[in-house]
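For reference, the structure discussed in these notes is given below.
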Amino acid sequence: METFQTLLANKFSDALAKAGLPTAGELTPATDARFGDYQTNAALVLGKQRGENPRTLAEKILAGLDVSDLCEPPTVAGAGFINFTLRSDAVAKKAGELLSDERFGVAKASSTKRIVIDFGSPNVAKPMHVGHIRSTVLGDALARIASFLGHEVIRDNHIGDWGTQFGMVIYGWKNLLDRESLQRDPLAEIVRIYKETNERAIGDPQVREACRQELVKLQAGNKENIDIWNECVAFSMQDFDHVYRLLDIRFDIQCGESFYNDRLPAVVDRLLKSGIAEISEGAVCVFFRDIPQLADKPCIIRKRDGGFNYATTDVATVDYRINDLKADTVWIVTGAPQILHFRQIFEIARREGYKADFRHITHGSILGEDRKLMKTRSGENVPLRELLDEACKRARKIIEEKNPDVSDADKVDIAQKIGIGAVKYADLSQYRMTDYVFSWDRMLSLQGNTAPYLQNAYVRIRSIFRKSGEPAPKVDKLILRDPSEINLAKRICQFAEIVPQVLNDFRPNILANYLFELANSFHTFYEACSVLKSDEPIRGSRLALCDLSGRVLQRGLDLLGIKVPEKM
RNA sequence: GCGCCCGUAGCUCAGCCGGAUAGAGCAACGGAUUUCUAAUCCGUAGGUCGGGUGUUCGAGUCACCCCGGGCGCGCCA
């Protein structure tokens, strides 16, 4: 099924050919409702190219353009724009078709790819914290959207399970561990011994050396240390799983850093042999002398002491994803500070001859009300578990205020959908690169561009069907009379135009903003038109329109990883 | 020093490939409720798009320079 935009663009392109003109400009949604629904600047572009009057050219093109099945007669406006206004019966027909289309008109991508998406990446021996929200939620949404568009997606959690920090953790484990605390709250105890060791190490070179020895033993495969390490990983995974369950996030594979351990020496040898890497000051480095921005920023892949670092691991990870997983493209979702690092890694991959499409999808930070990196009062990272629990708690409080009739069992479920949805939506509704200020009051507000507002639109729709006690009627074509009905139906037709755009530049906020407008259009319709009290055949048509609105909202939110409650 | 990201209404933010008189939401002000959930809707007001120069029919968007903020830059990840 083709969108209005595609249908119009095709006809327009034919008209250009008929007028002996090349393809030019683009046909896009109108920038303002006064200009109708779609517009094209083709005549402006051609006018410039050919030194002709754009308005005259526009008239000439229009003479050979027949879009009467879709639009009112197109008009020439301004400097030479051509504006299109959809006919309401064309909208009614299209919306009628969408009623029986599970994809709501969204076409599958013309060339589908195998995409490895790397997101989340928490560190073992540290609880997940606010800093992980963005990567996790953004990566998940992109994975959902890419799958929906027909791509083959492999979600990979590149867990930080093999860092220098384990020297300290193991030292702490051997010297400071409290078994009872470990049983009560394993991760908290691991964090405690890590921190305490760290403090000791700062003041005591002997402790520092002992930690280093523990790390060397671990890396050499010492059984006792490996066992401790395994236990730490297992405890951390429990914490991660709890958070991922709450967030409804899953991974296909979790190849953490340790997965690549035994591949690292070969990576370095290979890069040395091929001349991509060289030895400098005892370390193995890759230089990028021909790239001005990187000329003075080498990438170390083996430390002077012979140890490997995260760059080595990431080069090995590229190998695995291309050679073993056969990825066509790799998306790595992390915060902006890692831009330089991945630029280097991708450049190394290019030099090694990899042709895959590597994308580093970066995002900004979450700030506290003071506009500084979000921290607890004592200056620590805010644990993600606590933050999510707080979201649910606050959502529950609001439900109790607004809708005391809800049963206790329902409350838990609804509070979770609203609380988690609010946190996710606050993130996804914003352009990923901007730092944003975290505010409970804003994200949980029922007014404005928030998850609860969107969920409420859905709930109102469900409420209508609960009240009527009948399922959505089967209707082929809608009857659109009221301007708010036409507007809502047009909005629904745009879903298929919006979803694929998200992947142009990895911007789920485009979809979020669309859904906000959809919910807004629905609310306006809801105020203006009674549904159950209207007479047939209007009643049936409006019920169908409600049903369609609800399902598009649900699907759209699902693509963002957000759930909808039936009541709230 | 070099590099990356950001700067748009009082506040929080949209504005992807350059398009028409720069848009939302919150807050403010004024209206609408015997309800299909007012958890909403309608309206008013609010801007030198950090500053400047340039590119062109047209610049919030592109280029260059400056200012301000954040972050990163051989042996942490």
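Miscellaneous remarks
- Degrees between helix A:223-247 axis and first principal axis of chain A (Cα, 0 to 90, nearest 10): 20 degrees
- Loop-resident sites, segment A:431-503, for chymotrypsin sites (Phe, Trp or Tyr not before Pro), counting at most 15 other Cβ within 10 Å (DSSP): A:Tyr431
- Taking other Cβ atoms within 10 Å as a rough exposure proxy, A:Asp476, A:Asp427, A:Asp405 sort from fewest to most as A:Asp405, A:Asp476, A:Asp427.
- Sum of side-chain charges, A:Glu470 neighbourhood, beta-carbon under 12 Å (Lys, Arg +1; Asp, Glu -1): +3
- Bridging of A:Lys18 to lysines at a Cα separation below 27 Å is possible for A:Lys48, A:Lys60, once same-chain residues fewer than 8 apart are set aside.
- Per-residue extension of 0.36 nm, minus the Cα-Cα distance of A:Glu180 and A:Glu369, leaves a gain of 64.3 nm for this segment.
- With neighbour counts taken as other beta-carbon atoms within 10 Å, the residues A:Arg134, A:Arg385 rank, fewest first, as A:Arg385, A:Arg134.
- Dipole of chain A, positive direction: furthest Cα of A:Thr112, A:Tyr320, A:Ala42, with charges on the beta-carbon: A:Ala42
- On Cα atoms only, tilt of A:310-319 relative to the major axis of chain A in degrees: 50 degrees
- Dipole of chain A, positive end: most advanced residue of A:Val76, A:Met443, A:Gly139 [Cβ charges, Cα centre]: A:Val76
- Placing a label point 7 Å from the Cα of A:Arg212 along the Cα-to-Cβ direction, the residues of segment A:307-342 whose backbone N falls under 16 Å of that point are A:307-308.
- Ranking A:Pro265, A:Gly160, A:Thr31 by Cα position along the charge dipole of chain A, where only Lys, Arg, Asp and Glu carry charges on their C-beta atoms, puts A:Thr31 farthest toward the positive end.
- If both residues of a DSSP beta bridge must be in chain A, then about 50% of such bridges are antiparallel.
- Lys, Arg +1 and Asp, Glu -1 on Cβ, resulting dipole of chain A about Cα centre, debye, nearest 20: 640 debye
- Listed by Cβ neighbour count within 10 Å, with the fewest neighbours leading, A:Val116, A:Val412 appear as A:Val412, A:Val116.
- Nearest-ten-degree value, helix A:165-176 long axis tilted from longest Cα axis of chain A: 60 degrees
- In order through segment A:346-362: 3J(HN,Hα) via Karplus (6.51 cos²θ - 1.76 cosθ + 1.60), integer Hz, x for Gly, Pro: 5, 5, 4, 4, 4, 5, 7, x, 5, 9, 4, 8, 9, 10, 9, 9, 9
- Once backbone amide H atoms are built at 1.01 Å from N, A:His363 has A:Thr334, A:Gly335, A:Ala336 as its partners under 5 Å, excluding neighbours fewer than 5 places away on the same chain.
- Annotation for segment A:42-69 versus segment A:518-558: alpha-carbon center distance of 38 Å.
- Of A:Lys93/A:Lys563; A:Lys108/A:Lys490; A:Lys417/A:Lys533; A:Lys195/A:Lys223, pairs whose Cα-Cα distance is over 27 Å: A:Lys93/A:Lys563; A:Lys417/A:Lys533
- Packing here is the average count of other Cβ atoms within 10 Å per residue, and on that basis the peptides A:205-213, A:415-423, highest first, run A:415-423, A:205-213.
- Convex hull volume per residue, computed on the Cα atoms of chain A, equals 192 Å³.
Any read-out appearing in this document is the output of simple, stated calculations on the displayed coordinates, not a laboratory observation. Small disclaimer: the values here were computed from a predicted structure and weren't measured. With ideal geometry, Cβ positions are generated from the backbone for all residues, glycine too; neighbour counts draw on all protein chains shown.
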